[in-house]
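Peer 1: Let me give you the structure first, and then I'll get to my questions.
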Amino acid sequence: MNRNWWWMSLPALVVLWAVQAQPAQMVAQRAGAPAQPLPREVTITALRPGTTFYAVAGGIAKVVSERTSMRASVLPVAGTADVLTALQRGDAEFGICSSQTCWQTFKGLEGFPRIADIRLVQIGIPLRVGWVARKDSGLKNFADVRGKQVARHRVSSFAVYDRAFLANAGLTWNEVKPVDVTDITAGMSAFREGRADVAEHSLGSAHIAEANAMIPGGVRWLSADPSPEAVDRARRATFPGFYAQLLKAGSFVGVADETHVLAVDVYVATHKKVRDEVIRTVVEALLANHGDLAPLHPALKEWVPERFVSPTATVPFHPAAVAAYKERGSWKAEMDPVQQRLLKEAGE
């Protein structure tokens, strides 16, 4: 089932990288590597060009191609579910998706097919989401939408965020005036045209920059409730991977003051049947060369080792990734019960 996530678009800067290179310090040639040779090519699947996910895939493909003996290419797909079904079919070794999509597919929820064999390779950048309003509307916080016209999305990928924001504010649909829309594009149209007071989107999107330029006075991101109780309400209403972040004024278009937003993570996912040496080689390449990503796209500046492993993971890590992170010292003791719980949920 297709899930079109153009709402998470950022201006496309990274293009498809599939470069064969043989640098002197190839991580694939590490001492003690398995005798079985690495494949000549690997495929990374992601949403189409113009999305953050495609930019991430292009950057990782570049690192893999230039820093290992493997040639990496990007396979664009139409919807978020297609990313993970490609892994299930064996059409790709790696997929770039959100923690939310991975978890919903891992569990078989919200209309996504259940694929319990999804595994995590790396946790990457945050995807920050929220409600946007006109700057002169007087609205500043999620709780301020009580009695206001709120875009309500029928597509489940977006409806999840609607429910999370309402739960964070301690509200229900009965306490606002829903404006039914199909997807995120229709929701932004309703917002720009004045049919909705607030609409859901992601920070850094080109759509927000366009709305800020079109609407007199510009737009403002509403602040979420960062309290543990409010964040837990959002998690219980939707999925366990949400967390709150504080943004400084001016850090994104529409962040007029210090603003708390909700966020999910971008995952590098794989399938449990992908060979250990392939996973280990990619993990080691990204650990050693993550700095190569920053110049390729503004969002990739946050792709740093400190984020690669976290107890907020919503699907289990591939065992070869676990081994590589333990060797590096990135895998802490707190991760063991998380991994065990997730593997149990996968039926192992």
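Bear in mind these aren't lab numbers, they're just calculated from the coordinates by the rules spelled out. Predicted model, so just to flag it, every value in this text is computed and none were measured. Positions of Cβ are generated from backbone atoms using ideal geometry, with glycine treated the same way; all protein chains shown enter the neighbour counts.
Peer 1: Sorting ILE123, ILE60 on the 10 Å Cβ count, fewest up front, what's the list?
Peer 2: Fewest to most other Cβ atoms nearby, the residues stand as ILE123, ILE60.
Peer 1: When P(r) over Cα pairs in 20 Å bins from 0, in percent is calculated directly from the model, which label among [x] 30, 59, 11; [y] 31, 56, 12, 0; [z] 25, 54, 19, 1 fits?
Peer 2: Recomputing P(r) over Cα pairs in 20 Å bins from 0, in percent here gives the entry labelled [y].
Peer 1: Ranking request for peptides 183-191, 94-102: highest mean number of other beta-carbon atoms within 10 Å first, then the rest in descending order.
Peer 2: Numbers: 183-191: 21.4, 94-102: 28.2.
Put in order of decreasing packing, that is 94-102, 183-191.
Peer 1: Note the full-extension length gain between GLN340 and ARG307 as 0.36 nm times their separation in residues minus their Cα-Cα distance, in nm to one decimal.
Peer 2: Taking GLN340 through ARG307 to full extension adds about 9.9 nm, to one decimal.
Peer 1: Going by average Cβ neighbours within 10 Å, how do the peptides 216-224, 329-337 rank, with the highest at the top?
Peer 2: Result, highest mean first: 216-224, 329-337.
Peer 1: Remind me, relative contact order of segment 225-323 in percent, using alpha carbon pairs under 8 angstrom and six or more residues apart?
Peer 2: So the answer I get is 23 percent.
Peer 1: Which of the peptides 243-254, 309-320 is most tightly packed, and how do the rest follow, judged by the mean count of other Cβ atoms within 10 Å per residue?
Peer 2: Going by the mean number of other Cβ atoms within 10 Å, highest first, we get 309-320, 243-254.
Peer 1: Let's test the formula: R0 of 30 Å, r as the Cβ-Cβ distance of GLU210 and ARG328. What FRET efficiency results, to the nearest 0.05?
Peer 2: That gives a FRET efficiency of 0.10.
Peer 1: What is the log10 of I(q)/I(0) for segment 111-188, computed with the Debye formula using one identical point scatterer on each Cα and no solvent, at q = 0.18, 0.27 Å⁻¹?
Peer 2: -0.83, -1.41
Peer 1: Considering only DSSP states other than H, G, I, E and B, which GluC sites (Glu not before Pro) in segment 108-194 qualify as loop sites with at most 12 other Cβ atoms within 10 Å?
Peer 2: Of the GluC sites (Glu not before Pro), the ones in loops of segment 108-194 whose Cβ has at most 12 other Cβ atoms within 10 Å are GLU193.
Peer 1: For segment 128-264, count the residues as N, evaluate 2.2 N^0.38 Å, and divide the Cα radius of gyration by that value, please.
Peer 2: Computed over Cα atoms of segment 128-264, the ratio equals 0.93.
Peer 1: When a/c is below 1.5 the answer is rounded, else prolate if a/b is larger than b/c, else oblate, so apply that to segment 70-117 with a ≥ b ≥ c taken from the square roots of the Cα gyration tensor eigenvalues.
Peer 2: Because a/c hits 1.5 or more and a/b exceeds b/c, segment 70-117 counts as prolate.
Peer 1: Moving to a separate point now. Using only Cα atoms and rounding to the nearest 10 degrees, what angle (0 to 90) does helix 276-289 make with the longest principal axis of the chain?
Peer 2: Helix 276-289 and the main axis of the chain meet at about 70 degrees.
Peer 1: By how many degrees, 0 to 90 and rounded to 10, does the Cα axis of helix 156-169 deviate from the longest principal axis of the chain?
Peer 2: So the helix axis and the longest Cα principal axis differ by about 60 degrees.
Peer 1: Ok, one more. How many lysine pairs are close in the chain, with Cα atoms under 18 Å apart and the two 8 or more places apart or on different chains?
Peer 2: Step by step, the pairs that qualify in the chain add up to 12.
Peer 1: Decide, for segment 213-348, between rounded, prolate and oblate: order the square roots of the alpha carbon gyration tensor eigenvalues as a ≥ b ≥ c, take rounded if a/c falls under 1.5, and otherwise choose prolate if a/b is larger than b/c, else oblate. Mind showing how you got there, number by number?
Peer 2: Details: a/c = 2.61, a/b = 1.55, b/c = 1.68.
Oblate.
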